[in-house]
Amino acid sequence: MKILYTDIAVIGAGTAGMTAYRAATTGGKKTLLIEANVYGTTCARVGCMPSKLLIAAAEAAHALHAAPAFGVHPGQVRIDGKAVMARVRSERDRFVGFVVESVDGYPAEDKIHGHARFRSATQLQIDEHTLVEAERFVIATGSTPIVPDEWRAAGPRVITSDDVFYWDDLPASIAVAGTGVIGLELGQALARLGVRVTVFGRGGSVAQLSDPDVLDVARRAMADELDVRFNTKVVRVVQEGDGLAVTSEDGDGVQRTEQFSYLLSAIGRRPNVHKLGLENTGLERDHHGIPLYHQQTMQCGASAIFVAGDADNERPQLPEAADQGRIAGDNAVRYPAVQPGLRRTPLTIAFTEPQIATLGASYEELCATYAGRFSVGKVSFENQGRSRVMLQNKGMLRVYAEHATGRFLGAEMIGPRAEHIGHLLSWACQAGLSVSAMLDMPFYHPVVEEGVRTALRDLAHQLANAPAHDCGCIDCTPAP
Ligand SMILES: Cc1cc2nc3c(=O)[nH]c(=O)nc-3n(C[C@H](O)[C@H](O)[C@H](O)COP(=O)(O)OP(=O)(O)OC[C@H]3O[C@@H](n4cnc5c(N)ncnc54)[C@H](O)[C@@H]3O)c2cc1C
Ligand SMILES: NC(=O)c1ccc[n+]([C@@H]2O[C@H](COP(=O)([O-])OP(=O)(O)OC[C@H]3O[C@@H](n4cnc5c(N)ncnc54)[C@H](O)[C@@H]3O)[C@@H](O)[C@H]2O)c1
């Protein structure tokens, strides 16, 4: 076996790994980037970009469907599934091309192809061909969609989001298991493109939401348009002809078997920390097998091993993979004199319609750590002026602030323009603004942001006139 010596070895050439590699080489260290699969990143190849391309097509179809309510009649609408998927794939390939071009620019001697596995805290084995001796390591191995074995046994019609973006036509029907971000984004987009879709949620969760009031509105908003069945689990999947028979069971134990072309397993993603030989490193790990690490330095214990991106499962989103990769790469260079890097205010956006955003501390986190010490303000978008003008008057925003100081802590929402409102509020949160300082900011008219002002006014009123928010017994309600 070939033996290579290097300062830093980065495992995984996704967003986190590429950012770590660039930080490490910029820091003047000899660095190897090891990738088991094809280059191009999850985000560009099968994640953020192709999913948003599919959603963009779905929005175009939906705009035509919604037009008659404004007195605009587009006539017969025809969705050409082959053309939809051709654009998704060709634009996706363009984005992937840019990433591959970047990797092509890295010196050939810095890149190794193969599956990396720790043999010790200083040595990796790559497949059966190479041993890498390194002083420092960055684990940036990403995550993999979860598919229960009993579903997988039903054959190739049980798929994950990875498969959708390789279709060359839209299917007739699909069952989606999971009401997380992937299940709802893809389920709604496919339904808008004329596919018969049923989404099964084993509980009542909706994407990343935890606030019970927002969740309640979100469940209704999703069910208004989509066949989404909460508290209904998939209990059996059997191949039948060239499709599947999917049996589900609702909260009353009533079972129902229906036929679909596919079942999309969207029940979460598992960090790729297994089959990595972490047991040979001496690192302390949590019950998922993820090494314990410091959230500001990304360092695993006091070791020379750092972790970044979906692999640590802390905030599995693209901007986080980039931030964490940079911090891990910088600190691998500085090791042992590691430094805290910039971790930003948490922000998540689901590109459903209405969009869903959370930022800062979630309601669930506040109830766990701030119970009785925060206040809540809210607005419904039902009668919000601009939202009604656009016929997008669905949703709710709840905003949170520290009771003693009025400092803004976070928000959860489903509603129009949530991708922009999420940014606006997360910037206020990171800047440490108080609710009164936020209310001093300009608000134009007529804009959806006037709804944000209504929620903040309500929050200011709660801060001044009401006792701090009592979360009640959140343990008494069933888990989503
Ligand atoms: C359908 C979908 C939609 C999404 N939409 C969004 C969105 O809109 N916005 C957003 O912010 N985020 C979104 N995400 C999440 C985002 O894509 C991920 O958080 C991000 O891509 C993770 O980057 P990463 O570098 O951690 O992992 P990856 O890009 O997956 O990179 C990990 C790499 O490590 C390699 N690897 C694994 N194990 C080994 C090993 N042992 N040896 C060598 N190589 C190995 C893998 O082959 C892979 O190339 C979406 C994800 C999905 C699936
Ligand atoms: N817009 C975005 O930023 C975006 C889009 C897509 C994905 N992502 C990232 O990808 C990650 C993974 O997404 P996801 O939707 O797969 O996971 P998720 O964790 O968001 O949701 C999984 C859902 O499946 C349910 N579930 C779990 N086990 C189940 C089972 N056995 N049967 C039925 N339901 C079950 C869970 O209750 C949950 O509602 C997300 O955490 C997110 O960070 C982000």
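The values are calculated or read from the model by the stated rules, or taken from the named source; none is laboratory data. Computed from a predicted model, the values in this text were never measured in an experiment. Virtual Cβ from ideal backbone geometry, glycine too; neighbours counted across all protein chains shown. Quick note on the areas: whole protein, heavy atoms, side chains included, nothing else; ligands and nucleic acids left out. Shrake-Rupley method; radii C 1.70, N 1.55, O 1.52, S 1.80 Å.
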Relative to the compact-globule estimate 2.2 N^0.38 Å (N residues), the Cα gyration radius of region 1-152 stands at a ratio of 1.45
Whole-Å distance linking the alpha carbon centroid of region 48-82 with that of region 306-348 is 38
One finds, for L439 and E258 with R0 = 51 angstrom and r their Cβ-Cβ distance, a FRET efficiency to the nearest 0.05 of 0.50
Report the residues of region 413-439 in range of a label on K52: point 7 Å along Cα→C-beta, backbone N strictly under 19 Å from it. 415-427
When averaged across all projection directions, what area in nm² does the alpha-carbon convex hull of region 51-95 cover? 3.4
Under the 7 Å Cα-to-Cβ spin-label approximation, L4 and D286 lie apart by a distance in nanometres of 3.1
Once you have a ≥ b ≥ c as the square roots of the Cα gyration tensor eigenvalues for region 367-480, tell me rounded if a/c is under 1.5, and otherwise prolate or oblate according to whether a/b is larger than b/c. oblate
Here, V389 and D80, labelled 7 Å along Cα→Cβ, have an inter-label distance in nm of 3.6
GluC sites (Glu not before Pro) within region 374-480, DSSP loop, no more than 15 other Cβ atoms inside 10 Å: E382
Which of P68, A44, A23 sits closest to the plus end of the dipole of region 12-130, meaning its Cα is farthest towards the positive end, when Lys and Arg get +1 and Asp and Glu get -1 on the C-beta? P68
For an R0 of 35 angstrom, estimate the FRET efficiency from the Cβ-Cβ distance between S120 and D163 and round to the nearest 0.05. 0.40
If you look for lysine pairs in the chain that are eight or more places apart or on different chains, how many of them have Cα atoms under 22 Å apart? 10
Please compute one quarter of the surface area of the Cα convex hull for region 141-281 and express it in square nanometres. 10.3
Could you tell me, in Å, what Rg and Dmax come out for the Cα atoms of region 227-325? 19.9, 56
Taking max minus min of the Cα coordinates of region 106-186 on each principal axis, largest first, gives extents in Å of 51, 30, 25
Region 90-150: which GluC sites (Glu not before Pro) are DSSP loop and have at most 16 other beta-carbon atoms within 10 angstrom? E128
Apply the a/c threshold of 1.5 to the C-alpha gyration tensor of region 285-349 and tell me whether it is rounded, prolate or oblate. oblate
In Å, what Rg and Dmax follow from the Cα atoms of region 59-215? 21.9, 69
What's the center-to-center distance, using Cα atoms, between region 354-420 and region 439-455 in Å? 13
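Please compute the contact order of the chain in relative form: average sequence separation of alpha-carbon pairs under 8 Å and at least six residues apart, divided by the residue count, as a percent.
15
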On the formula 1/(1 + (r/R0)^6), with r taken between the Cβ atoms of E128 and R196 and R0 of 56 Å, the FRET efficiency rounded to 0.05 is 0.75
Residues of the chain: accessible area per residue at 1.4 Å, in Å²? 46
Please report the projected area of region 146-220's Cα convex hull averaged over all directions, in nm². 5.6
What's the carbon and sulfur percent of the chain's accessible surface, probe 1.4 angstrom, rounded to a whole number? 51
Please report, in whole Å³, the volume per residue of the convex hull around the C-alpha atoms of the chain. 170
